[in-house]
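Quick notes on the structure that follows.
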Amino acid sequence: MVFSIIVPVYNRPDEVSELLESLSKQTFKDFELVLVEDGSTKPCANEVEAYRADMHIQYLVKENTGRSDTRNVGMKHAQGDYFIFFDSDCIIPPPYLETIDRLLRENYTDCFGGPDSEHPSFTTMQKAVNYAMTSFWTTGGIRGGKVGAGFTRPMENFKPRTFNMGFSRGVYDKVGGFKDMYGEDIDLSIRIGYAGFTTKLYREAFVYHKRRVNLKKFYKQVHIFGQARINLFKLHPNSLKLVHTLPALFVIGSIAIILSAIFFTPYLMLLPAVYLLLLFFDAFIRTKRFAIAGLSVITSLIQLCGYGTGFIKSFIEKIILRRGLEDIETLKKVYK
């Protein structure tokens, strides 16, 4: 089987260099890389040229139209039998493609997703963000769990994400590409299921995902994730589960506890204190470093509050006030 690895990139030459280096070390060589430059002002042409001898690369340059259209352009040019998607801030372990090839032969699926993990070279901030995005005690359980986590069952039916996702050419031919929206990978995963294709979580096929490297950008990212969940609900009413409301309930519950502690009894603050200690010690057990554990408490709170407030904001706008629904109707007509 020939794999087409499709990566959108926008102003990330340093990240692309690390990604290319990791792909050059793959133990399975039957693949092409389709790298699509989305109107970058800092292109990665020099980085691509440095690795052309190590792999087959299609380097495409286009005007800036966003990551969904950029991935779609990549698929139109892809020559492989099976498409695999990474983000430009990923580092791929050497046996990754060999693992995917083996798993597809042993336990074939039309669409797969894999988890993410932290690389030893990651900064303290990146490791703390990784904890917040993969921990069972935040919303990591929703996303399928982390490699080696004590909890192995996801909190909902697994939906692959584009930092580590793949599907066959047959899926693309029937289902189409990504819609121009936040949560586009979840939307596509749902449509793949509607079309009768199979989806599996390949836990062995993990990638190292660097993610955002400061708290402000991280908050903005997860806030958008929360908003996207309501858009997905309007597109696919059956996609919203109780577990998706947990960050919003966390925000509302935290406000209620703080107000109750002020007006009634301060002992109620023991509840959030216990939760914060749980996060700290769980992060310390996983990372073995106090600095990462301490920062993980902060990133976990940002992750929950950012996602929760985004969910609440979009719920009020789209469900209660019914604003912006014309955008949802437009999305319904794309790859319906």
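The values are calculated or read from the model by the stated rules, or taken from the named source; none is laboratory data. This one's a predicted model, so the numbers in the text were calculated from it and none came from an experiment. Note that each Cβ is placed from the backbone with ideal geometry, even for glycine, and that neighbours are counted across all protein chains shown.
Okay, residues lined up against (1) surrounded by fewer than 18 Cβ atoms within 10 Å (Cβ to Cβ); (2) closer than 25 Å to residue 75 by Cα; (3) of a type in the set (S, T, N, Q):
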{"position": "185", "(1), (2), (3)": "no, yes, no"}
{"position": "194", "(1), (2), (3)": "yes, yes, no"}
{"position": "210", "(1), (2), (3)": "no, yes, no"}
{"position": "217", "(1), (2), (3)": "yes, no, no"}
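Of the set (1) at pLDDT below 95; (2) buried (at least 20 other Cβ atoms within 10 Å of the Cβ), all apply to residue 156 but (2).
A quick yes/no check of all residues on (1) loosely packed, with under 15 Cβ neighbours inside 10 Å; (2) of a type in the set (Val, Ile, Thr):
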| residue | (1), (2) |
| --- | --- |
| 10 | no, no |
| 13 | no, no |
| 23 | no, no |
| 36 | no, yes |
| 47 | no, no |
| 64 | yes, no |
| 68 | no, no |
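Does any residue of the stretch 313-329 turn out to be at pLDDT below 95 and in contact with an Asp or Glu (Cβ under 9 Å, 6 or more places away or on another chain)? Yes: the stretch 313-329 contains one or more residues that are at pLDDT below 95 and in contact with an Asp or Glu (Cβ under 9 Å, 6 or more places away or on another chain). Checking 249, 268, 304, 276 one by one, the residue that is assigned to a helix (DSSP H, G or I) and buried (at least 19 other Cβ atoms within 10 Å of the Cβ) is 304 and no other. Being surrounded by fewer than 14 Cβ atoms within 10 Å (Cβ to Cβ) and farther than 26 Å from residue 109 by Cα holds for only one residue in 41, 27, and it is 41.
To keep it simple, each residue is scored yes or no on (1) within 21 Å of the chain's Cα centre (by Cα); (2) aliphatic (A, V, I, L, M); (3) closer than 29 Å to residue 126 by Cα.
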{"site": "46", "(1), (2), (3)": "no, no, yes"}
{"site": "50", "(1), (2), (3)": "no, yes, yes"}
{"site": "56", "(1), (2), (3)": "no, no, no"}
{"site": "61", "(1), (2), (3)": "no, yes, no"}
{"site": "71", "(1), (2), (3)": "yes, no, yes"}
{"site": "76", "(1), (2), (3)": "no, no, no"}
{"site": "80", "(1), (2), (3)": "no, no, no"}
{"site": "86", "(1), (2), (3)": "yes, no, yes"}
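Tell me whether the stretch 182-190 contains one or more residues that are small (Gly, Ala, Ser), within 20 Å of residue 87 (Cβ to Cβ) and not assigned by TED's automatic domain parsing to the domain that holds residue 325. Taking every residue of the stretch 182-190 in turn, at least one turns out to be small (Gly, Ala, Ser), within 20 Å of residue 87 (Cβ to Cβ) and not assigned by TED's automatic domain parsing to the domain that holds residue 325.
In the stretch 254-265, which residues are of a type outside the set (Gly, Ala, Ser) and surrounded by 12 or more Cβ atoms within 10 Å (Cβ to Cβ)? Those that are of a type outside the set (Gly, Ala, Ser) and surrounded by 12 or more Cβ atoms within 10 Å (Cβ to Cβ): 257, 258.
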